[in-house]
1. THR39 - would you say it is polar (S, T, N, Q) and open to solvent by less than 70 Å² (accessible area, probe 1.4 Å)?
2. Out of everything in segment 275-287 that is outside any loop (DSSP other than H, G, I, E, B) and free of Cβ contacts under 8 Å to residues at least 60 places away in the same chain, what residue ends up being most open to solvent (accessible area, probe 1.4 Å)?
3. Looking at segment 126-137, I want the residues that are in contact (Cβ under 8 Å) with a residue 12 or more places away in the chain and charged (D, E, K, R) and have a partner that is in a loop (DSSP other than H, G, I, E, B) and crowded, with 20+ Cβ neighbours inside 10 Å with Cβ atoms under 8 Å, at least 6 apart or on another chain. Which pairs are those?
4. Report whether or not GLN244 is crowded, with 16+ Cβ neighbours inside 10 Å, out of contact with any Phe, Trp or Tyr (no Cβ under 8 Å at 6 or more places or on another chain) and part of a helix (DSSP H, G or I).
5. Conditions: (1) modelled with pLDDT of 95 or more; (2) surrounded by fewer than 19 Cβ atoms within 10 Å (Cβ to Cβ); (3) in contact with a strand residue (DSSP E or B) (Cβ under 6 Å, 6 or more places away or on another chain). SER52 meets all but one. Number of the miss?
6. Would you check if there is a residue in segment 364-377 being over 22 Å from ARG296 (Cβ atoms), surrounded by fewer than 18 Cβ atoms within 10 Å (Cβ to Cβ) and at pLDDT 85 or above?
7. Kindly establish whether LEU206 is open to solvent by 30 Å² or more (accessible area, probe 1.4 Å), over 30 Å from ASP280 (Cα atoms), of a type in the set (A, V, I, L, M) and in contact (Cβ under 8 Å) with a residue 60 or more places away in the chain.
8. Outside any strand (DSSP E or B) and either free of Cβ contacts under 8 Å to residues at least 12 places away in the same chain or hydrophobic (A, V, I, L, M, F, W, C) (or both), is that true of GLY156?
Amino acid sequence: MQEYPPEVRSPPMLLAGLVGATQIHGRVTELLHESAAETTGGHRRLRYLSFSYDMRIPPCKRGGKDAPGYRVGGILKQRWLEKVCNTIPAVLVVCFDWSQDLSLDPTATAQVVAQLQHAQRQARDREIRLLVLAVLHASATDAEALCGPIRQQLEGTSSALIVAQGLTDLGSKAQKLERLVYQSAMSFYADEERRQKSWKPATAGLSVADQGAMQVRVSVKVGFLSEFRKDTRGALTSYIPAYQQLMHASDNGIADVIERMGLCNHISFRMYQLYLHSRDLPAAVHHCRIHTNTLRSCSDDADGIATWRKWHWLANNHHLFGELLEALAQQLPMLIDQTDMWQFPGFHYLAAAGYIRRLKRWVQEIAKEPARKPPGTGGDLVPAPFVGQREGLERP
């Protein structure tokens, strides 16, 4: 599994960010997780990031693919996976900790307004949802006066304000806050799915190959965003056509075989986990057979760039599926069909070992050939910007 990026190894989680008053983030996060566990039977529903008041959300770059002269450099950017899983939250919860202050002077009030306005600007560009948590002094008697400037800033928006009367009151407010964060995050990712689906190839002046690449990109993104909302059916409905397009893409030149199969490996990983999480073992095995045949159908090339990858991909696919089956068999052994060897982890480990032997034989044969001058001047390997593309040299 280590060959896959961490964003692909496990289902994505709803992402939220706590902004400002960082001294209470640990306690707030703990209470939010406890509230979620009461609702879900012990499971967490969100992952929380911690930001200061001067946080910056990466600016949105939409509409570029519809601009004249747009060039498709690849199918799916690795950076997109990193941003959607680790950088860009669906919800911002702006926190104000006044638990030690009975009142605020005009300067402090102006600072609160400025901090909230900054968070609103950061959220507006990407349509991120925004909530506000204000922790007042336990003895505060005029909560309306203290929170008045915040309410004024939130007028005309869908943002909500949650007020706690001292730090000890956070526990009673956590359930409402967690519910609002969860609902807002679900709404954000649903809107992101609709935005991705709104792209129409007829509206962009792209070649047939580039249009195919964009269609695959949209399908993969929609499938991945569906996983945030735990919409297994929606995710598979998007992943399957994307995989099928990549399978038959050699005829229309969507991408080279290395990028296509690399992305197929990523999609298959997600499909395996979705099927197995749904306890649909026959469907997971069916896709494993399809993916194995897809990888085996890759033709060998003269320079060996794709050949060694072919055996490596096959070995890695069987080893990965064997690990997933082994974890499932330990939890639910009754799901295993004793008459289907493809449902036994040992079968896949043996198959992986067989492909490793094929790879070693290929290396031994290559070693007997006359030495070929290596391309480029060397340096470290530089990761490719797009999923599945081959790495480059630091000094090509």
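1. no
2. Ranking the candidates gives HIS286 first.
3. Qualifying pairs under 8 Å: ARG126/ILE57; ARG129/ALA90; ARG129/SER159.
4. Against the criterion (crowded, with 16+ Cβ neighbours inside 10 Å, out of contact with any Phe, Trp or Tyr (no Cβ under 8 Å at 6 or more places or on another chain) and part of a helix (DSSP H, G or I)), GLN244 does not qualify.
5. The single condition SER52 does not satisfy is (3).
6. no
7. Considered against the rule, which asks whether it is open to solvent by 30 Å² or more (accessible area, probe 1.4 Å), over 30 Å from ASP280 (Cα atoms), of a type in the set (A, V, I, L, M) and in contact (Cβ under 8 Å) with a residue 60 or more places away in the chain, LEU206 comes out as no.
8. Taking the combined requirement at face value, the residue satisfies it.
The values are calculated or read from the model by the stated rules, or taken from the named source; none is laboratory data. The structure displayed is predicted, hence computed values, not measured ones. With ideal geometry, Cβ positions are generated from the backbone for all residues, glycine too; neighbour counts draw on all protein chains shown. Side chains are part of the model used for accessible areas, which takes the heavy atoms of the whole protein and leaves out ligands, DNA and RNA. Shrake-Rupley method; radii C 1.70, N 1.55, O 1.52, S 1.80 Å.
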